[in-house]
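Student: I have a structure here, written as structure tokens, and I will follow up with some questions on it.
The values are calculated or read from the model by the stated rules, or taken from the named source; none is laboratory data. Just so you know, these numbers come straight off a predicted model, no measurement behind them. Positions of Cβ are backbone-derived with ideal geometry, glycine not excepted, and every protein chain shown enters the neighbour counts. In case anyone asks, the SASA skips ligands and DNA or RNA and just uses the protein heavy atoms, side chains included. Shrake-Rupley method; radii C 1.70, N 1.55, O 1.52, S 1.80 Å.
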Amino acid sequence: MKGYLARVYAQVKKRNRAEPLFLQAVHEVLSSLEPVLIEHPEIEDSAILERLTEPERQIIFRVAWQDDRKRIRVNRGFRLGFSSALGPYKGGLRFHPTVDLGTVKFLAFEQVFKNSLTGLSIGGGKGGSDFDPKGRSDNEVMRFCQAFMSELFRYVGFQTDVPAGDIGVGAREIGYLFGQYKKLTNRFEPGVLTGKEPGLGGLLGRKEATGFGTVYFAEEMLRAHSDGLEGKTCVVSGSGNVALYCIRKLQDLGAKVVACSDSGGIAYESGGIGFDVLKAVKEVERGRVSDYVDRRPQAELKSEGRIWDIPCDLAFPCATQNELDGNDAETLVKNGCKLVAEGANMPSTPDAVTIFQKAGVLYGPAKAANAGGVAVSALEMRQNASQEQWTFRDVDDQLRQIMESIHNSCAGVANRFNRHNDYAFGANVAGFLRVAQAVQAYGVV
Ligand code: NDP
Ligand code: 2IT
């Protein structure tokens, strides 16, 4: 990076020096923008990059709650509104012991460009807590969610900021959060949170949307290269919400998924993972992949090694950030992997991305490939505003169209700048241009 881009990055680095994930995410976006700045010198004059790299607001709060032994616990809560240029802040909540301000900031920054790519009216935000739900009873999770919302309710609203799920936050947690919001505000305002159970105003198809969307995006990438999913061998990391429905859709479309994982190990099954058993273990029993392997005589638990050592045609990282590094990328390339589509946020390290691009692996970056989740959240907001009830089919059809359109925007922008097949460049630039135009149009606010 040079000139204006280098100056902006230096300032971001100075202000956020203890936040490597945020710096990694900013660096990745800025390094795509040089050709855009040549076309649009007004971006520098209007300080668009300075504005888009500084969050509009950052809220940090204490969350005190009682565990089942009546011990008082204290966690830290976060909600960060990065940009409201395109709509209310929109993005998930993550409950995981590693969550800190830098994690939330990187996720919120990515969310701005992802949400822009959907073409819908949603700004970018993210939040969460260092609360660890693992091993906590249902009652403990409920009390934590209530304590978390007792502070958060002041800042959210269907026209202001609309949280949803992410790691450690699913429909159960959203239900508890919504219940407490409703009680504190005396309003039934379902559009304040998305990812609700259908019985609470949630949208059929939201649960599946991120994983399904990632597969639709991969399908579009393959289609654009005269290929398809049928008969492909796939590896999907993670075994949470995104991984589960990525596996399901891959199988529906004729691919074979031979492995998935969690932080305790890898389940390998040469004949293909059994979706129904995995779903029961993960969604109903809240178990581990080791429990899945215990139930499947054909499956094998690998507690050593990397999931990316398993040979595959297509790889879907669906667990967490920086889970696929340069060595993993080299192994994937060596084993003949042809496509990587990111269900998780920023799962591939910068080294890994460079290796994929040099080797001609089709690389679908998170902000494009996993945008189906937030896009369907925006549809949930619409369903809540209109008080209609949409069918699963309505939602899935719209999701497919949205993923096709995101694919075409990324590919179209990449082609226009002579960066054929560079979906990472296309996603950054297409996402950036829409939000930058909005920031410019508001004047200085
Ligand atoms: P879940 O909590 O449902 O599942 C997370 C999965 O990732 C689990 O298998 C978990 O294993 C694994 N995992 C999480 N953190 C780590 C870690 N530090 N090391 C190893 N494994 C880890 O979350 P989601 O499926 O919702 O989220 C997965 C990814 O997808 C995240 O990057 C999230 O930001 C992204 N995403 C989610 C969307 C959504 O709609 N939910 C939308 C777009 C992106 P374990 O149980 O052992 O911790
Ligand atoms: O990273 C993401 O896009 C999400 N966790 C989903 C956000 C949302 O508002 O549905």
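Student: Report whether or not residue 49 is closer than 19 Å to residue 102 by Cβ, within 25 Å of the chain's Cα centre (by Cα) and not in a loop (DSSP other than H, G, I, E, B).
Tutor: no
Student: With 191, 175, 179, 199 as the choices, which residue is touching a residue at least 40 places away in the same chain (Cβ under 8 Å) and within 28 Å of residue 384 (Cβ to Cβ)? Before you say what the answer is, go through the steps one by one.
Tutor: Numbers: 175 fails: touching a residue at least 40 places away in the same chain (Cβ under 8 Å); 179 fails: touching a residue at least 40 places away in the same chain (Cβ under 8 Å); 199 fails: touching a residue at least 40 places away in the same chain (Cβ under 8 Å).
Testing whether each residue is touching a residue at least 40 places away in the same chain (Cβ under 8 Å) and within 28 Å of residue 384 (Cβ to Cβ) leaves just 191.
Student: Going by the structure shown, is residue 217 touching a Gly at 6+ places or on another chain (Cβ under 6 Å) and at pLDDT 95 or above?
Tutor: Yes; evaluated as a whole, the condition is true for this residue.
Student: Taking the condition touching a strand residue (DSSP E or B) at 6+ places or on another chain (Cβ under 7 Å), open to solvent by 40 Å² or more (accessible area, probe 1.4 Å) and among the hydrophobic types (A, V, I, L, M, F, W, C), does residue 167 pass?
Tutor: Taking the combined requirement at face value, the residue satisfies it.
Student: Same structure again: Every residue in the range 68-100 that is touching a residue at least 60 places away in the same chain (Cβ under 8 Å), within 16 Å of ligand 2 (Cβ to nearest atom) and in a strand (DSSP E or B), please.
Tutor: Residues satisfying the conditions are 79, 81, 83, 89, 90, 91, 92, 93, 94, 95.
Each row is one residue, and each column tells you yes or no for (1) modelled with pLDDT of 95 or more; (2) within 16 Å of ligand 1 (Cβ to nearest atom).
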site	(1), (2)
351	yes, no
373	yes, yes
384	yes, no
389	no, no
396	yes, yes
407	yes, no
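Student: When only residues in the range 256-271 that are within 22 Å of residue 228 (Cα to Cα) and open to solvent by less than 10 Å² (accessible area, probe 1.4 Å) count, which is farthest from the chain's Cα centre (by Cα)? Talk me through it step by step, then tell me what you get.
Tutor: Initially, the range 256-271 is screened for residues within 22 Å of residue 228 (Cα to Cα), giving 256-260, 270-271.
Still in the running and open to solvent by less than 10 Å² (accessible area, probe 1.4 Å): 257-260.
Details: 257: 21, 258: 23, 259: 21, 260: 18 Å.
Ranking the candidates gives 258 first.
Student: Given the criterion farther than 17 Å from residue 29 by Cβ, among the hydroxyl-bearing types (Ser, Thr, Tyr) and in contact with a strand residue (DSSP E or B) (Cβ under 7 Å, 6 or more places away or on another chain), identify the matching residue among 405, 348, 377. Spell out the reasoning first.
Tutor: Numbers: 405 fails: in contact with a strand residue (DSSP E or B) (Cβ under 7 Å, 6 or more places away or on another chain); 348 fails: farther than 17 Å from residue 29 by Cβ.
377 is the lone residue from the list that is farther than 17 Å from residue 29 by Cβ, among the hydroxyl-bearing types (Ser, Thr, Tyr) and in contact with a strand residue (DSSP E or B) (Cβ under 7 Å, 6 or more places away or on another chain).
Student: Okay, next question. Residue 114 - would you say it is at pLDDT 95 or above, crowded, with 24+ Cβ neighbours inside 10 Å and of a type in the set (Lys, Arg)? Walk me through it before giving the result.
Tutor: Values: at pLDDT 95 or above: yes; crowded, with 24+ Cβ neighbours inside 10 Å: yes; of a type in the set (Lys, Arg): yes.
Considered against the rule, which asks whether it is at pLDDT 95 or above, crowded, with 24+ Cβ neighbours inside 10 Å and of a type in the set (Lys, Arg), residue 114 comes out as yes.
Student: Being assigned to a helix (DSSP H, G or I), in contact with a Phe, Trp or Tyr (Cβ under 6 Å, 6 or more places away or on another chain) and either open to solvent by less than 50 Å² (accessible area, probe 1.4 Å) or more than 16 Å from residue 196 (Cβ to Cβ) (or both) is the filter here; which residues of the range 139-164 pass it?
Tutor: Start the filter on the range 139-164 by keeping residues that are assigned to a helix (DSSP H, G or I), which leaves 139-152.
Subsequent filtering for residues that are in contact with a Phe, Trp or Tyr (Cβ under 6 Å, 6 or more places away or on another chain) retains 142-145, 147, 149, 151.
The answer is 143, 144, 145, 147, 149, 151.
Student: Examine the range 129-139 for a residue that is in contact with a helix residue (DSSP H, G or I) (Cβ under 9 Å, 6 or more places away or on another chain), at pLDDT 95 or above and more than 15 Å from ligand 1 (Cβ to nearest atom), and state whether such a residue exists.
Tutor: There is at least one residue in the range 129-139 that is in contact with a helix residue (DSSP H, G or I) (Cβ under 9 Å, 6 or more places away or on another chain), at pLDDT 95 or above and more than 15 Å from ligand 1 (Cβ to nearest atom).
Student: Considering each of 210, 194, 214 in turn, give the residue that is surrounded by 24 or more Cβ atoms within 10 Å (Cβ to Cβ), among the β-branched types (Val, Ile, Thr) and in contact with a Ser or Thr (Cβ under 7 Å, 6 or more places away or on another chain).
Tutor: The conditions single out 194.
Student: Here are the criteria: (1) within 16 Å of ligand 2 (Cβ to nearest atom); (2) part of a strand (DSSP E or B). Tell me which single one residue 65 does not satisfy.
Tutor: (1)
Student: With the checklist (1) in a loop (DSSP other than H, G, I, E, B); (2) within 22 Å of residue 349 (Cα to Cα) in hand, flag the one item residue 103 doesn't pass.
Tutor: (1)
Student: Would a scan of the range 121-138 turn up a residue that is of a type in the set (A, V, I, L, M, F, W, C) and surrounded by fewer than 20 Cβ atoms within 10 Å (Cβ to Cβ)?
Tutor: Just the residues of the range 121-138 that are of a type in the set (A, V, I, L, M, F, W, C), to begin with: 122, 131.
Subset that is surrounded by fewer than 20 Cβ atoms within 10 Å (Cβ to Cβ): none.
No, every residue in the range 121-138 fails to be of a type in the set (A, V, I, L, M, F, W, C) and surrounded by fewer than 20 Cβ atoms within 10 Å (Cβ to Cβ).
Student: Report yes if residue 100 is acidic (Asp, Glu), open to solvent by less than 10 Å² (accessible area, probe 1.4 Å) and modelled with pLDDT of 95 or more, otherwise no.
Tutor: The answer is no for residue 100.
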